[in-house]
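Engineer: Pasting a structure below so you can have a look.
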Amino acid sequence: MDKKLFLEKTIKDLKVELESPDQRIIALYQIVDKLPKNINELFEQLRVVTDTIYPNLEKEINVKDYCKILLLEKVTIEELKKIGITNTKVIEIIDSGVSITLEEKEKKLIKNFAENILELIKIKEELENQAHTIAEKTYPTFCSVTGTKIACQMLVIAGSISRLSRMPSSTIQLLGAEKSLFKSIKMGNKKTPKYGLLFNHSLIINKTKKDKGRIARFLAGKIVIAIKADISGKDLRKELSEKISKKIKE
Amino acid sequence: MSIKNLIRADGNFYTLDLNTKEKRLWEPTRSKVCAALKKGVNFLPIKEDSIVLYLGCAEGYTCSYLSDIVEKGTIYGVDLSPHSMQKFVLLCKERKNLVPVLFDANKLEDYDLLKGLKVDVIVQDVAQKNQVEILNKNALLFLKPNGYFILSLKTTAISQKNTRDIIENEIKKLEKDFEITEKRRLDPFEKKHMIIIGKKK
């Protein structure tokens, strides 16, 4: 047996599998899922210092705008409008006169910290965009039925597209709700979950409780068809969207 | 290259790296073969010139130590995961007697390059529901008439029921084709595991 032949073949097989688009999406999206936790932890530590300057400000605006306010040289109404903040309560808090004044050195350190958090948020958005563009290019039908975000999350849980394509529709309906499903089976409880990741789907989120289960079951069946169409290279976007809109009108 | 046999000192297991002339410690919590040696297995069938088929090599922690024992033979490492096989390929370039095979251990008859291969020892380390079946299948294909096998049985992969019943059941299946020479639980190092060594009838 020649060792060189084995080495060449395994390296060739390796690259085919690791460079496939579904593996790239999974690798990128695993970071996207975990980064928000780290950003929130850092933001809490930043607020230990800045809470005495702007008390209760974090209840009015999100993390991104909070960091942008910290970066300003002088906080006035005009400057705030330039960033795009028009909330009147923010101006009230800033003008209230409760805030303490810091030394120049401390202000610089806080600004550096806020800049780093803004950078992390930017990296997360870019990674998400990159994963979405790959997904929309390679699996157009699947993404149009579920929405790109849910499609990526399903890929991460399944592990690969070939594994996802072999799943029955009942498994796909409950993907992401494994914990509550096994809990209900173990306890002998009659209430099993009706939807997992599909809960955030734009067609399901604003329906009544009875309709949610029905539409989730119907959508899961269509998702199975969409994945299989993508793998075989067909484009069923029009047909599937017509069928779904027809069913929802009923 | 590093070539030197096992050295037994103060109860731990070492191999000697000739390049750096340093001893490498073999940890029983990371390798099931080492855990079996530490529990007092009398007879390990791997010799200087034997050819080994290792199913489920992963990143090659155990394989790197076995390759120290097998000076003149070769070890074929089989694994399915491409990510861990990437690290195994790096190890293969370092050591002359390791050969990588990226394939499913269930369907090894489809791999063209392995056709006509006969080995002395099969090490089965794939924790699947059909662990014994995988061993039987590969033993029919590749094992020499008087060849040995080493099976590390993970009972939780089969079912969550009583471990003793599962082990008895699996041993009954094995005794059709094999003659079992030794079996040992790996309790402090690996929970609910058993290592079984045997010979082809």
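Engineer: Relative to the Cα centre, what is the charge dipole magnitude of chain A, using +1 at the beta carbon of each Lys and Arg, -1 at the beta carbon of each Asp and Glu, and rounding to the nearest 20 debye?
Structural biologist: The calculation lands at about 1860 debye.
Engineer: Follow-up. If you build a Gaussian network model of chain A, linking Cα atoms that sit under 10 Å apart, which residue out of A:VAL156, A:VAL32, A:VAL63 swings the most?
Structural biologist: Answer for the Gaussian network model of chain A: A:VAL63.
Engineer: Distances over 27 Å make up what percent of all Cα-Cα pairs in the range B:55-201?
Structural biologist: Tail of P(r) above 27 Å: 21 percent of Cα pairs.
Engineer: Restricting attention to the range A:23-98, which trypsin sites (Lys or Arg not before Pro) occupy a DSSP loop and are surrounded by at most 15 other Cβ atoms within 10 Å?
Structural biologist: Sites meeting the loop and neighbour criteria: A:LYS74.
Engineer: Please give the FRET efficiency for A:ILE248 paired with B:LYS118, using the beta carbon to beta carbon distance and R0 = 45 Å, rounded to the nearest 0.05. Write down the numbers at each step before the final one.
Structural biologist: Working: r = 63 Å, r/R0 = 1.40.
It comes out at approximately 0.10.
Engineer: Taking A:LYS105 as the anchor, which lysines have their alpha carbon closer than 20 Å to its alpha carbon, excluding any fewer than eight residues away along the same chain?
Structural biologist: Straight-distance partners of A:LYS105: A:LYS68, A:LYS74.
Engineer: Å³ per residue of the Cα convex hull, for the range A:131-239? Working shown, then result.
Structural biologist: On the way: hull volume 11.2 nm³, N = 109.
With only Cα atoms used, the range A:131-239 gives 103 Å³ per residue.
Engineer: Still on this structure, I have one more. Please list, by residue number, every one of the GluC sites (Glu not before Pro) in the range B:41-98 that is coil in DSSP and has at most 13 other beta-carbon atoms within 10 Å.
Structural biologist: Listed in order of number, the matching sites are B:GLU48.
Engineer: Let me have the 222 nm mean residue ellipticity of chain A computed from DSSP H runs of 4+ only, each contributing -39500 (n - 2.57), with the sum over all residues rounded to the nearest 500.
Structural biologist: One gets -23000 deg cm²/dmol as the mean residue ellipticity at 222 nm.
Engineer: Based on other C-beta atoms within 10 Å, arrange A:ILE93, B:ILE134 from fewest to most. Working shown, then result.
Structural biologist: Working: A:ILE93 17, B:ILE134 21.
Taking fewest neighbouring Cβ atoms as first place, the list is A:ILE93, B:ILE134.
Engineer: DSSP loop (so not H, G, I, E, B), at most 14 other Cβ within 10 Å: list which GluC sites (Glu not before Pro) in the range B:129-190 pass both filters.
Structural biologist: In loop regions of the range B:129-190 (DSSP not H, G, I, E or B), the sparsely surrounded GluC sites (Glu not before Pro) are B:GLU175.
Engineer: Next question. Classify the range A:32-92 from the C-alpha gyration tensor, please: rounded if a/c falls under 1.5, else prolate or oblate depending on whether a/b exceeds b/c.
Structural biologist: In terms of gyration-tensor shape, prolate.
Engineer: Provide the convex hull volume over Cα atoms per residue for the protein assembly as shown, in Å³.
Structural biologist: 247
Engineer: In chain A, what is the volume of the convex hull around the alpha carbon atoms, normalised per residue and reported in Å³?
Structural biologist: 236
Engineer: Separate question: Can you give me the Cα centroid spacing of the range A:69-83 and the range A:151-198 in angstrom?
Structural biologist: The two parts, judged by their Cα centres, are 46 Å apart.
Engineer: Also, I was wondering about something else. For each pair in A:LYS190/A:LYS210; A:LYS3/B:LYS201; A:LYS4/B:LYS72, compute the distance between the two Cα atoms and list the pairs where it is over 20 Å.
Structural biologist: Over 20 Å Cα-Cα: A:LYS3/B:LYS201.
Engineer: Okay, next question. Once both axes come from the Cα atoms, what is the angle between helix A:237-249 and the longest principal axis of chain A, in degrees from 0 to 90, rounded to 10?
Structural biologist: The angle comes out at about 80 degrees.
Engineer: Right, another one. Bin width 5 Å, alpha-carbon pairs only: give the P(r) of the range A:1-123 as whole percents, running from 0 to the bin holding the largest distance.
Structural biologist: 2, 8, 16, 16, 14, 9, 6, 5, 5, 5, 4, 4, 3, 2, 1, 0, 0
Engineer: Additional query: Place a +1 charge on the Cβ of each Lys and Arg in chain B and a -1 charge on the Cβ of each Asp and Glu, then give the dipole magnitude about the Cα centre in debye, rounded to the nearest 20.
Structural biologist: Dipole about the Cα centre, nearest 20: 380 debye.
Engineer: Work through the residues other than A:SER165 whose Cβ is under 10 Å from its Cβ and net out their charges, Lys, Arg +1 and Asp, Glu -1.
Structural biologist: After counting each charged neighbour, the total is +2.
Engineer: In addition: Quick one: check the C-alpha center-to-center distance for the range A:214-235 versus the range B:124-201, whole angstrom.
Structural biologist: Spelled out, the Cα-based centre of one part sits 41 Å from the other.
Engineer: Add -39500 (n - 2.57) for each DSSP H run of 4 or more in chain B, then divide by its residues: what number comes out at 222 nm, to the nearest 500 deg cm²/dmol?
Structural biologist: Result for chain B: -8000 deg cm²/dmol, rounded to the nearest 500.
Engineer: Kindly express, to the nearest 10 degrees and within the range 0 to 90, the angle between helix A:21-50's C-alpha long axis and the longest C-alpha principal axis of chain A.
Structural biologist: Approximately 20 degrees, to the nearest ten.
Engineer: Test of understanding: what is the full-extension gain from A:THR86 to A:PHE218, defined as 0.36 nm times their sequence separation minus their Cα-Cα distance?
Structural biologist: Net length gain for the segment: 43.2 nm.
Engineer: Around B:ILE195, with a cut-off of 14 angstrom between Cβ atoms, what is the net charge of the other residues, counting Lys and Arg +1 and Asp and Glu -1?
Structural biologist: That sum, taken over residues with Cβ under 14 Å, equals +4.
Engineer: Let me ask another. Among B:GLN124, B:LEU108, B:PHE88, which residue has its Cα furthest toward the positive end of the charge dipole of the range B:30-155, with +1 on Lys/Arg Cβ and -1 on Asp/Glu Cβ?
Structural biologist: B:GLN124
Engineer: On to the next question. Calculate, for B:ASN12 and A:SER20, the FRET efficiency according to 1/(1 + (r/R0)^6) with r their C-beta to C-beta distance and R0 41 Å; round to the nearest 0.05. Mind showing how you got there, number by number?
Structural biologist: Details: r = 43 Å, r/R0 = 1.05.
The formula returns an efficiency of 0.40 here.
Engineer: Report the charge-dipole magnitude of the protein assembly as shown in Debye, nearest 20, computed about the Cα centre from +1 at each Lys and Arg Cβ and -1 at each Asp and Glu Cβ.
Structural biologist: 1940
Taken together, the values in this text are just the output of simple stated rules run on the coordinates, not laboratory data. It should be emphasised that the depicted structure is a prediction, and the values quoted were computed from it without experimental measurement. With ideal geometry, Cβ positions are generated from the backbone for all residues, glycine too; neighbour counts draw on all protein chains shown.
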